[in-house]
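The values are calculated or read from the model by the stated rules, or taken from the named source; none is laboratory data. This structure is a prediction, so every number in the text was calculated from the model and none was measured. Here the Cβ is made from the backbone with ideal geometry for all residues, glycine too, and neighbour counts use every protein chain on show. Accessible surface areas use protein heavy atoms only, side chains included; no ligands, DNA or RNA. Shrake-Rupley method; radii C 1.70, N 1.55, O 1.52, S 1.80 Å.
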Amino acid sequence: MLELLDFLKENILFINLLIMTIYLGFEIISKVPAVLHTPLMSGSNAISGIVIIGAILLVRQAETTDYLTIILGVIGIILGTINVVGGHAVTNRMLEMFKKK
Amino acid sequence: MMEYIELLYIVSTVLLLMGLRKLSSPATARKGNLIAASGMTLAIIISIFSPIEGSNNNYLFIFGGILVGALIGVFYSKKVKMTEIPELVSLFNGYGGACAVFISILEILKFNKTTSLGLSSTTYIALFIGSVAFTGSLVAYGKLSGKVKDWRSSISSYFNLFWVVLCIGLIVFQILNPELYEFLPIVILIGSLIYGVTFVFPIGGADMPVVISLLNALTGVAAALAGIVYDNMVMLLGGILVGSSGVILTLLMCKSMNRSLLSVVVGGFGSSYQDLEGKDQGAVKETTVNDTAINMRYADNVMIIPGYGMAVAQAQKTCKELDKILTEKGVNVNYAIHPVAGRMPGHMNVLLAEADVSYSKLIDMEDANNKMSDIDICLIVGANDVVNPSALDNPSSLIYGMPIIEVLNAKNVVVLKRGMSKGYSGIENPLFFHNKTKMLFGDAKDSIEGILSEIKTMD
């Protein structure tokens, strides 16, 4: 338990930042009109693909012979990129249709 | 050097924030998406080239992976039909979740005696949440694309409760006794993957938009947790933004369906309810294309109410043509949009925008209900649950209390429908038996095309 408290103490700045960001997310979305719900969900889904950075860092740090890390990491990179690129591209396609007016 | 890297990361975080902000306003949404995409690109480039001590880089693998992923992503997004967007978002979300799962597994493999409690708890929670988002999204994808059938059991909510407690219990045990059982991390992984399936499986189709939004938020949280593990601010802040905005979006949708998030999550529509099934509903009145065409041509105000059936029949463009010709002949045509019509929030707006219907013609539920008494004809195109009057007057109905578009306040109602099957939530709809309602059976697109050609022959 003490160890956990220490962890919290060491990361207090982090935790403050976390709370602020949560509120920021609430605020940004709370006034969005219904027309944008689908593009917004798709766009924010693309942003959640940011997790790919973790996979990139993992593969970069892996030993050249550490095949397990490299293979799983590369699969992670592929899936993450699909999420990021596909997500933004499809969001753009949806919003393009709105623009024509 | 390091301080420049940190600065660049801050720039990309700000770009993500600005992008999300602009995405939530119609005029700037497209720009917002591009800004967010450039923030993502910057963050990824930094993570590839920032100097890390003693790293092997393995650039060949990284660039190869990114190239393959980007090609597949672009292919999917070009190929998808607008009606299939909900499925696609769900699938993409599953991939993001899977990425979080792979990272967590590899991190857990690196754990040793000096690993701090904070790091191991964060990683295990990321593993759990990522796994649920992964398999849950795949099940949601399967359900939306019709590959997985609805199946409900009265015990599934108890099973889910038991299972989630079990998973969390195992995780706590593993964090506190990391060296005791070597196989336990694998058990946790499998247990979490199974929970994602059993969590989404019993949830009824009508609640699917809420579930996708929730799973999206979960992937965000998994990304944020991975950000803590890697001490990476962009991952943390981006993930948290998606998580919190996803939760708000989920709650907005629950509110518009008058359901609590808990009742959605605990297991979809319950099993102890009384349906109108079997009761004598009276006779259904059928109408013809010709009749409907005449009535619409000589009406003053027509309201079109689209639902998922319009998406299935691909009838949005035909609707627009009908709208156009009626408007030319002096009929006032509008569309009433229920917030949860379709399979995703705003689904109908996207489809109608694709068909070039102007914003100003799309009226939201409240305004539509206020105007309803002036409407001569309500044309219901493939909507069912969102116009079901049971929600207003039948306390034993599953959807009792859900706000609906109150079409019975209009003078006439015409329902375009393939047959007498029930809506996605599987509930009987007394609207079809009401004496104001006329049914026009057949494929929605064919029916509207029929009406269209009849109207063209009139002056």
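Summary of computed values
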item	result
Test for residue B:247: is it open to solvent by 10 Å² or more (accessible area, probe 1.4 Å), part of a helix (DSSP H, G or I) and touching a Gly at 6+ places or on another chain (Cβ under 6 Å)	no
Set A:40, A:18: member being open to solvent by less than 80 Å² (accessible area, probe 1.4 Å), facing chain B (nearest Cβ under 7 Å), farther than 16 Å from residue B:13 by Cα and of a type outside the set (S, T, N, Q)	A:40
Matching option when the condition is under 21 Å from residue A:25 (Cα atoms), more than 14 Å from every other protein chain (Cβ to nearest Cβ) and open to solvent by 10 Å² or more (accessible area, probe 1.4 Å), among B:225, B:261	B:261
Residues (open to solvent by 10 Å² or more (accessible area, probe 1.4 Å) and in contact with a helix residue (DSSP H, G or I) (Cβ under 7 Å, 6 or more places away or on another chain)) located in segment B:81-91	B:83, B:87, B:88, B:91
One residue from B:51, B:86, B:26 being more than 7 Å from every other protein chain (Cβ to nearest Cβ) and assigned to a loop (DSSP other than H, G, I, E, B)	B:51
Residue count, segment B:380-424 (criterion: assigned to a strand (DSSP E or B) and either touching a Leu at 6+ places or on another chain (Cβ under 7 Å) or without any contact (Cβ under 8 Å) to a residue 60 or more places away in the chain (or both))	6
Residue in segment B:347-369 that is out of contact with any helix residue (DSSP H, G or I) (no Cβ under 6 Å at 6 or more places or on another chain), crowded, with 19+ Cβ neighbours inside 10 Å and among the polar types (S, T, N, Q) present	no
Selected residue (criterion: nearest to the other protein chains (Cβ to nearest Cβ)) from residues of segment B:329-384 that are among the acidic types (Asp, Glu) and farther than 23 Å from residue A:90 by Cα	B:364
Lone qualifier among A:72, A:8, A:58, A:68 - being in a helix (DSSP H, G or I), under 20 Å from residue B:59 (Cα atoms) and more than 7 Å from chain B (Cβ to nearest Cβ)	A:68
Meets criteria (more than 14 Å from every other protein chain (Cβ to nearest Cβ) and open to solvent by 10 Å² or more (accessible area, probe 1.4 Å)) for residue B:321	yes
The listed residue being assigned to a loop (DSSP other than H, G, I, E, B) and open to solvent by 10 Å² or more (accessible area, probe 1.4 Å), out of B:122, B:114	B:114
Residue in segment B:273-293 that is surrounded by 15 or more Cβ atoms within 10 Å (Cβ to Cβ), of a type in the set (Lys, Arg) and either closer than 14 Å to residue B:446 by Cα or at pLDDT 85 or above (or both) present	no
Among (1) under 22 Å from the mean Cα position of the chain (by Cα); (2) at the interface with chain B (Cβ under 7 Å from one of its Cβ atoms); (3) more than 26 Å from residue B:119 (Cα to Cα) - the single one residue A:27 does not satisfy	(2)
Positions within segment B:403-434 being open to solvent by 20 Å² or more (accessible area, probe 1.4 Å) and within 26 Å of residue B:264 (Cβ to Cβ), in sequence order	B:403, B:406, B:421, B:422, B:424, B:426, B:428, B:430
Residue list for segment B:300-316, restricted to those being farther than 22 Å from residue B:404 by Cβ and at pLDDT below 90	B:314
Residue identified as open to solvent by 40 Å² or more (accessible area, probe 1.4 Å) and more than 9 Å from every other protein chain (Cβ to nearest Cβ) among B:34, B:60, B:17, B:71	B:60
